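J.: There's a structure below that I have some questions on.
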Amino acid sequence: MDASAWDDRYRDRPDPWGSEPAEAIRERLADAVPGRAVDLACGDGRHARWLDRTGWTVTAVDYSAVAIEQARGRDPERRIDWRVGDVTDWSPDGPVDLVLLSFLHLPIEQLQAQIARAAGWLAPDGRLLYLGHSLENYHRGVGGPPDPAILPTIADLASAADGMRVDALEHVCRAVDAGTAVDILLDARPWGLAPHR
């Protein structure tokens with residue numbers, strides 16, 4: 001993957017999505033017991049910083065070196081482990097309690113593979129949370145990527161979560177200046193049950 005376009009984007013407009021976490025992420029994780037978290041495609045770190053503030057030990061990964069440099073600048077105590085890396089081949093050094101993938105958009109088969117791969121990093125009672133723009137946003141909403149080939153559907157994420165316990169798989173509508181954006185959320189975890197024999 002080529003990070004130069006994202007590097008340019010972060011240079012031109014630091015803090016493009018604001019400094020606060022997405023409301024859907026904040027709501028889904030409000031009662032979660034903090035542990036070890038990975039924030040994949042963390043951008044300039046708004047979700048990683050929020051996780052850190054709420055007690056998580058965070059590793060945050062993005063392939064834009066400019067975004068990571070800006071994120072480190074907002075973390076003067078160096079509490080978060082910031083990493084420049086391609087999320088499609090990066091892996092943590094052990095099990096994690098949370099994998100957060102926020103607004104990571106890849107060709108659908110590649111996204112599904114990444115979600116399934118990240119699910120394999122989870123501790124037995126870990127959790128995977130994906131939030132991104134839905135294909136429905138391309139047809140009915142505003143903003144987001146203009147390429148429908150990288151926008152997942154409910155069925156796409158259901159397939160990606162095959163073998164996991166799915167606690168939520170839903171569209172999330174949010175008001176923005178130009179109208180309504182249609183996101184998609186997957187909240188899933190390992191079953192924690194022995195297979196039936």
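The values are calculated or read from the model by the stated rules, or taken from the named source; none is laboratory data. None of the values given here were measured: they were computed from a predicted structure. Glycine gets a Cβ as well: all are built from the backbone with ideal geometry, and neighbour counts include every protein chain shown.
J.: When residues of the stretch 134-184 are filtered for being in a helix (DSSP H, G or I), hydrophobic (A, V, I, L, M, F, W, C) and closer than 15 Å to I115 by Cβ, how many remain?
T.: Result for the stretch 134-184: 6.
J.: Only one of (1) assigned to a strand (DSSP E or B); (2) in contact with a Gly (Cβ under 9 Å, 6 or more places away or on another chain); (3) of a type outside the set (G, A, S) is not met by D187, so which one is it?
T.: (2)
J.: What are the residue pairs meeting all of these: first residue in the stretch 55-78, first residue free of Cβ contacts under 8 Å to residues at least 24 places away in the same chain and of a type outside the set (F, W, Y), second residue part of a helix (DSSP H, G or I) and surrounded by 19 or more Cβ atoms within 10 Å (Cβ to Cβ), Cβ atoms under 7 Å, and 6 or more apart or on different chains?
T.: Listed pairs, sorted by first residue: V58/A48; V58/L51; V58/D52; A60/A48; A60/A71.
J.: Looking at D156, is it exposed (fewer than 11 other Cβ atoms within 10 Å of the Cβ), over 19 Å from R26 (Cβ atoms) and at pLDDT 95 or above?
T.: The answer is no for D156.
J.: Working only within the stretch 126-177, note down all residues that are hydroxyl-bearing (S, T, Y) and under 24 Å from V99 (Cβ atoms).
T.: Correct list: Y130, S134, T153, S159.
Conditions (1) in contact (Cβ under 8 Å) with a residue 60 or more places away in the chain; (2) surrounded by fewer than 13 Cβ atoms within 10 Å (Cβ to Cβ); (3) touching a strand residue (DSSP E or B) at 6+ places or on another chain (Cβ under 8 Å), marked per residue:
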{"site": "L98", "(1), (2), (3)": "yes, no, yes"}
{"site": "F103", "(1), (2), (3)": "yes, no, yes"}
{"site": "G132", "(1), (2), (3)": "no, no, yes"}
{"site": "V176", "(1), (2), (3)": "no, yes, no"}
{"site": "T180", "(1), (2), (3)": "no, no, yes"}
{"site": "R189", "(1), (2), (3)": "yes, no, yes"}
